[in-house]
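Taking it in order: structure first as C-alpha cells, then the write-up.
The values are calculated or read from the model by the stated rules, or taken from the named source; none is laboratory data. Since the model is a prediction, treat every value here as computed from it, not as a measurement. With ideal geometry, Cβ positions are generated from the backbone for all residues, glycine too; neighbour counts draw on all protein chains shown.
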Number of protein chains: 2
Amino acid sequence: FSTVTLDAKTEKKAETGSVGGAAGGGRDKEIVSYWGVSPAKVTKEDGGEWRWSCFRPWETYKSNLSIDLKKHHAPVTFLDKVAYWTVKSLRYPTDLFFQRRYGCRAMMLETVAAVPGMVGGMLLHCKSLRQFEHSGGWIKVLLEEAENERMHLMTFMEVAKPRWYERALVFTVQGVFFNAYFMAYVISPKLAHRVVGYLEEEAIHSYTEFLKELDKGNIENVPAPAIAIDYWQLPQDATLRDVVMVVRADEAHHRDVNHFASDIHYQGHELKKAPAPLGYH
Amino acid sequence: FSTVTLDAKTEKKAETGSVGGAAGGGRDKEIVSYWGVSPAKVTKEDGGEWRWSCFRPWETYKSNLSIDLKKHHAPVTFLDKVAYWTVKSLRYPTDLFFQRRYGCRAMMLETVAAVPGMVGGMLLHCKSLRQFEHSGGWIKVLLEEAENERMHLMTFMEVAKPRWYERALVFTVQGVFFNAYFMAYVISPKLAHRVVGYLEEEAIHSYTEFLKELDKGNIENVPAPAIAIDYWQLPQDATLRDVVMVVRADEAHHRDVNHFASDIHYQGHELKKAPAPLGYH
Ligand SMILES: [Fe+2]
Ligand SMILES: [Fe+2]
Ligand SMILES: [Fe+2]
Ligand SMILES: [Fe+2]
C-alpha cells in the first residue's frame with residue numbers, strides 16, 4: 001500500500017515541475033526555488049526515474065545467501081554470559097506475545113533492531129569529533145547497519161499493519177531500549193556489541209521459523225513488495241519467501257560484524273584499530 | 001563510475017580469502033577470518049586501491065562553487081529572531097577567542113558543526129521507526145550533512161593541530177551543544193533548523209575572512225591535504241585556498257537545506273512532505 005503512496009509522491013513531484021510537491025502547494029514551491037534545493041535526479045540503470053528516497057541505486061545489493069547461518073559465539077567471559085542470558089531471557093516474553101505471527105513479529109522487532117547501529121554510529125561520530133581522529137570507517141558501518149534495519153522495517157510494513165496497541169508498545173520499547181543501549185554503549189561497547197551479536201543470532205532463528213511457516217502454507221507467500229525487489233535486486237516475480245531469505249542473510253552479516261566489534265574490544269583495542277567491514281552484506 | 005565500485009563490491013565478496021590488515025596483528029586476523037568480515041575492496045577509477053575508510057568513491061563530488069553566498073533569511077517571526085540573535089551573540093566570544101587564527105577556528109568550529117546533522121538524523125530515524133513511516137529521505141540528508149562536516153574536520157586537522165586546552169574546550173562545548181541541540185530539536189525542529197541556517201551564514205562569513213587572510217599572505221597557502229583532493233575531486237596541485245573555497249560552498253548548501261527545512265516546519269508540515277534535497281552539494 002505504501003507503493004501507492006510512493007507512486008503518488010512521484011507523480012506529485014512530476015506535476016509540480018519537480019519542486020515542492022506534497023501538501024504545501026504554492027508556497028512550498030516558492031521556498032524550494034528561493035533556497036534552490038531540489039533533490040539530485042537519480043536514474044535507474046535502464047534510464048527510468050528512481051522512485052525511492054530512502055535508498056539509492058548504489059546502496060542496493062545482491063544478498064550473499066551462502067553465509068553460514070549456524071555460526072555462534074560461545075559465551076566465555078562473564079560479560080559474554082551477561083549478554084547471552086539477557087538476550088535469552090528476552091526471548092520468552094517475545095515468543096509469548098507474538099506466538100506464530102511471524103510477519104507481525106518481524107515488523108515489530110525491526111523497529112528495535114534499527115536502534116543499536118544508530119546509537120553506536122552517533123557515539124563514534126561524536127568521539128571522532130572530540131578526539132580529532134578518524135573512526136576507521138566504523139561510523140559508516142554502524143550507520144549502514146541502522147539503515148539496513150530500517151529497510152527491513154519499511155519492507156515488512158508492506159505486508160503487516162501495526163494495530164494501535166502495537167504502536168503504543170513500540171513507542172515504549174523504543175524509549176526504554178534506546179536509553180538502555182546508549183548507556184550500555186557508553187559504559188561497555190564490548191558488552192553492547194555482544195548483546196547485538198546474540199540478538200542477531202535470535203533473529204536468524206526467528207526468520208528460519210518464519211520460512212518454515214511459509215513452507216507449510218500457514219502464512220501466505222504473497223508477492224514481494226516493490227521496495228524489497230529494488231533494494232535487494234530481486235527478480236520481478238520474487239515472493240515474501242525470497243524477502244525473508246535475504247533479510248535473514250542480512251541478520252547473519254550483522255551478527256558477524258557485532259561479534260567482531262566486540263572481539264576487538266575484548267582484545268583491548270578500539271574499533272578503529274581493525275579494518276571496518278564496509279559494504280559487508 | 002558507481003558501476004565500477006559496485007563491480008568491485010561483488011568481486012571482493014568472492015575473494016574473502018584476503019582478510020585482516022590494520023594494526024591488530026595476528027589475533028585480529030584470526031577473528032576476522034572466524035567472522036568472515038572484511039572490508040569490501042574498493043578501487044579508484046584508475047584501478048588503484050581506495051585508501052580512505054571515512055568516505056568512498058561514490059561519495060566524492062565536485063563542489064558547485066557558483067552557489068550564491070549572499071542569500072540570507074531575514075528573521076520575521078519571534079522564533080526566527082531568537083535563532084538569529086542566539087547565533088549573533090555566539091559570534092562575539094568566538095571572534096575574541098580565535099582572533100585571526102582562521103585555520104584553528106575552522107578546525108574547532110567543525111567539531112561543533114557536525115553535531116546538528118547527527119542529532120536531527122538520529123531523531124528522524126527513531127521517529128520513522130516509531131511511526132512506521134518513511135522519512136522521505138530526510139534522515140539521509142541530515143546524516144550526509146553530519147558526515148560532510150566531519151570531512152571538513154578531517155581536512156582541517158591536517159593543517160592545524162589542537163593544543164591540550166583546545167581539546168578540553170571542544171570536549172565541554174560538545175557536551176553542552178549536543179544536549180542543547182537535542183532538546184531544541186525535540187521541542188521545536190523549526191527553531192533548531194533555523195539556528196543551523198544562521199550558523200551556516202556565519203560560517204560562510206568566517207571562511208570568506210579566511211580567504212582574505214590567505215590572499216594577503218597572512219596565512220600560508222600550503223598544498224591541499226590528500227584527503228581533501230580525493231573528497232572534493234580537486235586537481236593534484238590544489239592548495240589550502242581551493243579547500244576553503246569548496247568548504248565554504250558546502251556551508252552555503254547546508255544553509256539552504258536548513259533554512260528550507262525550517263520553512264517547511266513553519267508552514268505546519270513535517271519534513272517528509274517535501275522532497276529531501278538528497279545529493280545537494
Ligand atoms: Fe533486521
Ligand atoms: Fe539485524
Ligand atoms: Fe563545515
Ligand atoms: Fe556547515
Next on the checklist: Any residue that is within 16 Å of ligand 3 (Cβ to nearest atom) and within 26 Å of residue B:233 (Cβ to Cβ) - is there at least one of those in region B:67-87?
Outcome noted: yes
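Residues that are away from ligand 4 (no atom under 15 Å from the Cβ) and either aromatic (Phe, Trp, Tyr) or touching a helix residue (DSSP H, G or I) at 6+ places or on another chain (Cβ under 8 Å) (or both): does region B:111-123 have at least one?
yes
Scan region A:77-122 residue by residue and report those that are away from ligand 1 (no atom under 14 Å from the Cβ), more than 10 Å from chain B (Cβ to nearest Cβ) and within 30 Å of residue B:149 (Cα to Cα). It would help to see each step written out before you state the result.
Of region A:77-122, the ones away from ligand 1 (no atom under 14 Å from the Cβ) are A:77-101, A:104, A:119-122.
Then keep just the ones that are more than 10 Å from chain B (Cβ to nearest Cβ); that gives A:77-101, A:104, A:120.
Correct list: A:120 only.
When the residues of region A:138-152 are filtered to those that are surrounded by fewer than 24 Cβ atoms within 10 Å (Cβ to Cβ) and either within 10 Å of chain B (Cβ to nearest Cβ) or basic (Lys, Arg) (or both), which remaining residue is farthest from residue B:141 (Cα to Cα)?
Restricting to residues being surrounded by fewer than 24 Cβ atoms within 10 Å (Cβ to Cβ) and either within 10 Å of chain B (Cβ to nearest Cβ) or basic (Lys, Arg) (or both), the top hit is A:140.
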Checklist entry - Which one of these is more than 16 Å from ligand 3 (Cβ to nearest atom), buried (at least 16 other Cβ atoms within 10 Å of the Cβ) and among the aliphatic types (A, V, I, L, M): B:123, B:169? => result B:123
Item to check | Subset of region A:117-154 (residues that are β-branched (Val, Ile, Thr) and free of Cβ contacts under 8 Å to residues at least 40 places away in the same chain) | outcome: A:139
Next on the checklist: Conditions first: (1) over 30 Å from residue B:105 (Cβ atoms); (2) within 16 Å of ligand 2 (Cβ to nearest atom). Residue A:121 passes all but one, so which condition is the exception?
Outcome noted: (1)
Next on the checklist: residue B:176 - would you say it is more than 11 Å from chain A (Cβ to nearest Cβ), within 20 Å of residue B:108 (Cα to Cα) and touching a Pro at 6+ places or on another chain (Cβ under 9 Å)?
Outcome noted: no
Checklist entry - Does region B:56-65 contain at least one residue that is at pLDDT below 95 and hydrophobic (A, V, I, L, M, F, W, C)? => result yes
Checklist outcome for this item: Contact list, first residue from region B:251-271 and within 7 Å of another protein chain (Cβ to nearest Cβ), second anywhere and within 16 Å of ligand 3 (Cβ to nearest atom) and not basic (Lys, Arg), beta-carbon distance below 7 Å, six or more apart or interchain, is B:257/B:141; B:257/B:145; B:257/B:280; B:259/B:197
Next on the checklist: Checking the conditions here, which among B:135, B:128 is within 16 Å of ligand 1 (Cβ to nearest atom) and among the small types (Gly, Ala, Ser)?
Outcome noted: B:128
Checklist entry - Quick one: in region A:206-226, which of the residues that are without any contact (Cβ under 8 Å) to a residue 40 or more places away in the chain and outside any loop (DSSP other than H, G, I, E, B) is farthest from residue A:151 (Cα to Cα)? => result A:216
